[in-house]
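Heads up: the structure comes next, in structure tokens.
The values are calculated or read from the model by the stated rules, or taken from the named source; none is laboratory data. Please read all numbers here as calculations on a predicted model, not as lab measurements. Cβ atoms come from the backbone with ideal geometry, glycine included; neighbour counts cover every protein chain shown.
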Amino acid sequence: MNNQISYTSFKKKSFAFIFVVVIGSVFSVHAQNNAEIQINVVFNQLVTAYGSTKSAPQLVILKDKPKQKTPAFYQASPKPVVKMDIYLYTLCRTFGKDSLNALAVVISHELAHYYNDHTFCSDFAFAIRKDNTTLSSKLKALKLERIGYETQADHTGLFYACIAGYQPLEVSSRLLDAIYTDYQLKDNEPGYPTKSERKVIVATAQAKITDLFQLFKQGNQELANKEYSKAATDFEVLTQHFPSRENYNNLGVARTMEALQYQPLSRGASLYPERFVYPIANDTISRLQQTSGERGFDEEHSELMQRLLKSAQKDFEKAISLDPDYAISYVNLACVFDLLDNPEAAIGKIKELPKAAQESKAAQRILAIAYYNADMEEKAEKIWKELEK
């Protein structure tokens with residue numbers, strides 16, 4: 001009898017133990033899956049923010065051990081890949097409401113190495129060979145190169161993390177300390193910046209990107225306030241630091257909107273003003289831009305308008321060269337062509353878009369205006385009637 005009771009008790013305890021193990025495993029798998037999902041979401045949002053014509057590097061999430069030796073790294077060859085330690089997600093979660101901001105700092109930093117064409121693996125391999133008689137000088141040169149790379153990656157990474165909608169500036173310095181502590185990284189590593197040097201690089205990047213991102217927001221606010229000349233000045237500064245599709249597009253928008261202030265009112269626009277609103281859009285505030293009702297037009301203004309439009313044309317063309325799939329700039333460039341009395345070029349630019357993009361309201365609006373100005377009024381009327389339904 002006692003044996004039976006003992007056996008029954010053993011079975012119950014065994015079942016309870018197995019149940020706990022199974023449930024624990026289920027939660028562990030769920031947590032890991034959630035970490036992978038979050039890492040992929042942040043990665044994809046940042047790739048979109050960079051807006052490069054280069055295909056995104058492969059993302060590999062390392063999970064073969066509880067913790068890797070390093071949280072993340074970019075490998076340039078044999079094919080570009082960003083490798084992330086899944087434990088990094090656990091570390092980032094300790095930052096609470098800043099957890100995704102912290103994750104964005106690391107991922108954007110590694111993407112910056114890729115988009116800035118940083119390659120250093122082969123150099124480092126050469127430097128650590130035992131038979132290398134110039135080891136010391138090579139390590140010094142390599143360290144200087146590394147500092148340059150890390151500085152650029154910090155600046156670029158923080159800026160595009162901001163563009164992607166994250167708030168990385170306040171958390172980046174604390175994250176660096178946490179990574180050094182949690183991963184037990186050495187303060188001094190041959191060929192790499194020291195921890196103190198990395199902290200200086202991060203602090204410098206924080207200060208610079210804080211100013212530049214403020215300039216980015218200021219430029220967009222000036223566009224919204226119709227202070228187009230000021231906005232153009234701000235975006236021109238930004239393109240010198242970050243020649244991205246968004247900054248070139250926004251610079252072109254500012255110049256085009258300033259030029260529109262000097263556009264004479266056509267008969268068609270006076271009869272149907274809503275039909276002749278050019279769908280100029282910047283990347284942050286995509287909206288139809290209504291020009292001012294007060295328009296001056298003389299020879300001086302005409303020349304100024306032409307100069308602004310020619311400059312805007314170059315800005316939009318530069319944005320498209322950085323990303324041939326950037327539909328916003330195609331529509332904006334079509335508007336500029338029409339304003340330069342070249343409606344045929346405007347029509348052609350819209351026709352370069354994929355079919356789905358051609359059917360967007362913005363594309364259809366400029367297409368109708370261009371058809372009208374190219375003396376194809378029936379085609380224009382057909383589009384306007386569809387838009388007015």
Give just the number: which of (1) within 22 Å of Tyr262 (Cβ to Cβ); (2) touching a Leu at 6+ places or on another chain (Cβ under 8 Å); (3) in contact (Cβ under 8 Å) with a residue 60 or more places away in the chain does Lys361 not satisfy?
-> (1)
Given the structure, is Leu185 in contact (Cβ under 8 Å) with a residue 12 or more places away in the chain, buried (at least 21 other Cβ atoms within 10 Å of the Cβ) and out of contact with any strand residue (DSSP E or B) (no Cβ under 6 Å at 6 or more places or on another chain)?
-> no
Residues located in segment 37-53, provided they are under 20 Å from Leu158 (Cβ atoms) and either assigned to a loop (DSSP other than H, G, I, E, B) or among the charged types (D, E, K, R) (or both) | Gly51, Ser52
May I ask you to say which residue of Val171, Val202 is at pLDDT 90 or above and surrounded by 14 or more Cβ atoms within 10 Å (Cβ to Cβ)?
-> Val171
Please name all residue pairs, on different chains or six or more residues apart, with Cβ atoms under 8 Å, provided the first residue is in segment 246-260 and is outside the structural domain of Ala327 (by TED's automatic domain parsing) and the second residue is modelled with pLDDT under 95.
-> none
Only listed residue being under 26 Å from the mean Cα position of the chain (by Cα), in the same structural domain as Glu236 (by TED's automatic domain parsing), of a type in the set (Val, Ile, Thr) and at negative phi, chosen from Ile383, Ile369, Ile347, Ile328 | Ile328
Qualifying positions in segment 283-322 - part of a loop (DSSP other than H, G, I, E, B) and at pLDDT 60 or above = Asp283
Just give me the residues in segment 64-90 being among the hydrophobic types (A, V, I, L, M, F, W, C) and in contact with a Pro (Cβ under 7 Å, 6 or more places away or on another chain), in sequence order.
-> Val81, Val82, Leu88
Looking at this structure, is His30 in a helix (DSSP H, G or I) and either modelled with pLDDT under 85 or in contact with a helix residue (DSSP H, G or I) (Cβ under 6 Å, 6 or more places away or on another chain) (or both)?
-> yes
Taking first residues from segment 189-205 that are within 14 Å of Glu145 (Cα to Cα) and assigned by TED's automatic domain parsing to the domain that holds Gly148 and second residues anywhere that are charged (D, E, K, R) and modelled with pLDDT of 85 or more, the pairs with Cβ under 7 Å that are 6 or more apart or on different chains are Pro193/Glu150; Thr194/Asp187; Arg198/Glu150; Ile201/Glu150; Ile201/Asp154
Selection within segment 63-95 - over 21 Å from Ala112 (Cβ atoms), surrounded by fewer than 15 Cβ atoms within 10 Å (Cβ to Cβ) and touching a residue at least 12 places away in the same chain (Cβ under 8 Å) = Lys63, Pro66, Lys69, Thr94
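Residue-by-condition table, conditions (1) at pLDDT below 90; (2) farther than 18 Å from Asp154 by Cβ; (3) not small (Gly, Ala, Ser):
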| site | (1), (2), (3) |
| --- | --- |
| Ala207 | no, no, no |
| Thr210 | no, no, yes |
| Asn225 | no, yes, yes |
| Ala232 | no, yes, no |
Restricting attention to segment 262-275, does a residue exist that is at pLDDT below 95 and more than 30 Å from Ala368 (Cβ to Cβ)?
-> no
Taking the stated definitions as given, is Phe337 among the aromatic types (Phe, Trp, Tyr), in contact (Cβ under 8 Å) with a residue 60 or more places away in the chain and assigned by TED's automatic domain parsing to the domain that holds Glu274?
-> no
